[in-house]
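Below: the structure, in structure tokens.
The values are calculated or read from the model by the stated rules, or taken from the named source; none is laboratory data. For clarity, every value in this text was computed on a predicted model and none was experimentally measured. When we count neighbours, we look across all protein chains shown, and the Cβ atoms used for this are built from the backbone with ideal geometry, even at glycine. Please note that ligands, DNA and RNA were not included when accessible areas were found on the heavy atoms of the full protein model with its side chains. Shrake-Rupley method; radii C 1.70, N 1.55, O 1.52, S 1.80 Å.
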Amino acid sequence: LLNMVKFLVKSLIESSMKLTHPIPDDHTHFCQFLIVLEQVFKHRLKAKKSLLSQRRYFWSAIEAFERCSADFSESISSVRAISGIKTLSGRGRAWLRFVLMQKKLGDLFRVMVEERRDVLREWYECDSVMVCEEGMVISGMLVGLAALDYNMTLAGDEFDRPVGVLDLSMHLRDGNYLAKPSGDSEEGGGEEGDGLLGQLLDQKAFLEELNKKLEASVDRLKTRLESVESTTSTLRERKNALEQQVSGLLLERDQLRAAEAEWTSQLQKKVGHHCRNCG
């Protein structure tokens, strides 16, 4: 499975470079890649025991990660909202396509195989691809797929149908897909490979530049946030000081009113006493 994933990821990237539009859902290399990817998620999945049979659904394993990150929660909720899907396997296939379109497959796969292995072991046998070191290797391969654009229709009824069969005949060369061509074909393939490599490097540079801009935007937002928090803290301190000042003024007012009342009472007593003496 590891070699197949490596081979099909490479084929998908190379074939996408020849397209002038996003990868459609009926693209041959894309369909072949999804077949193998589904097998990765199904490999040595622990059986769900019931009274009638034992079945394995990789969608149930994906759902177990719903609370592990906001991206997991959002993607799972979105797939649940797709109407027309009747089977758990169909929801799993829809999820794979959805996270590919969102360019989050590599990140979510990494969370599964690296950060939350405790959850992973509850659903997969210890010798499965997902739990073994092969899972981490596949995680690194899937990161590159975020550079591709996809154009897929998430129609619910089609995901319940059985997946196709992996066809390697288009990739085989003299019985060995790893064999290198010879002669003129090798020279032409080298030139084509150099062109593809250049395009990939250009995309990589673009993504790195975009990432730098996003990081700069994040830094600016953090600076603004710190400034707002500092201003808020200052205003809060001024508010507390004003409240204390108002409390002091109110206390002083009450004291003056009490003193005024006492002075008025004493004055009235003196005036009364003086009037009686005069009479």
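Close contacts from segment 106-122, counting a first residue that is free of Cβ contacts under 8 Å to residues at least 60 places away in the same chain and a second that is open to solvent by 50 Å² or more (accessible area, probe 1.4 Å), with Cβ to Cβ under 7 Å and a gap of 6+ residues or different chains, come to GLY106/VAL143; ASP107/ASP71; LEU108/ASP71; VAL113/MET136; GLU114/MET136.
Could you please find all residues in segment 137-155 being in a helix (DSSP H, G or I) and surrounded by fewer than 16 Cβ atoms within 10 Å (Cβ to Cβ)?
Start the filter on segment 137-155 by keeping residues that are in a helix (DSSP H, G or I), which leaves 137-147.
If the condition is that a residue be in a helix (DSSP H, G or I) and surrounded by fewer than 16 Cβ atoms within 10 Å (Cβ to Cβ), then VAL137, GLY140, VAL143, ALA146, ALA147 are the ones that fit.
For (1) β-branched (Val, Ile, Thr); (2) farther than 25 Å from ARG121 by Cβ, each residue gets a yes or a no:
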| residue | (1), (2) |
| --- | --- |
| HIS27 | no, yes |
| PHE30 | no, yes |
| LEU34 | no, yes |
| GLU66 | no, no |
| ILE82 | yes, yes |
| ARG93 | no, no |
| LEU96 | no, no |
| GLN102 | no, yes |
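Taking segment 93-109, which residues are farther than 13 Å from ASP157 by Cα and more than 11 Å from the chain's Cα centre (by Cα)?
Within segment 93-109, the first condition is being farther than 13 Å from ASP157 by Cα, and the residues that meet it are 95-109.
Residues satisfying the conditions are TRP95, LEU96, ARG97, PHE98, LEU100, MET101.
Consider segment 114-126 and keep the residues that are surrounded by 13 or more Cβ atoms within 10 Å (Cβ to Cβ) and assigned to a loop (DSSP other than H, G, I, E, B). The one that is modelled with the highest pLDDT is GLU125.
Of the residues VAL163, VAL129, which is closer than 16 Å to PHE30 by Cα, assigned to a loop (DSSP other than H, G, I, E, B) and among the β-branched types (Val, Ile, Thr)?
Details: VAL129 fails: closer than 16 Å to PHE30 by Cα.
Criteria check complete, one pass: VAL163.
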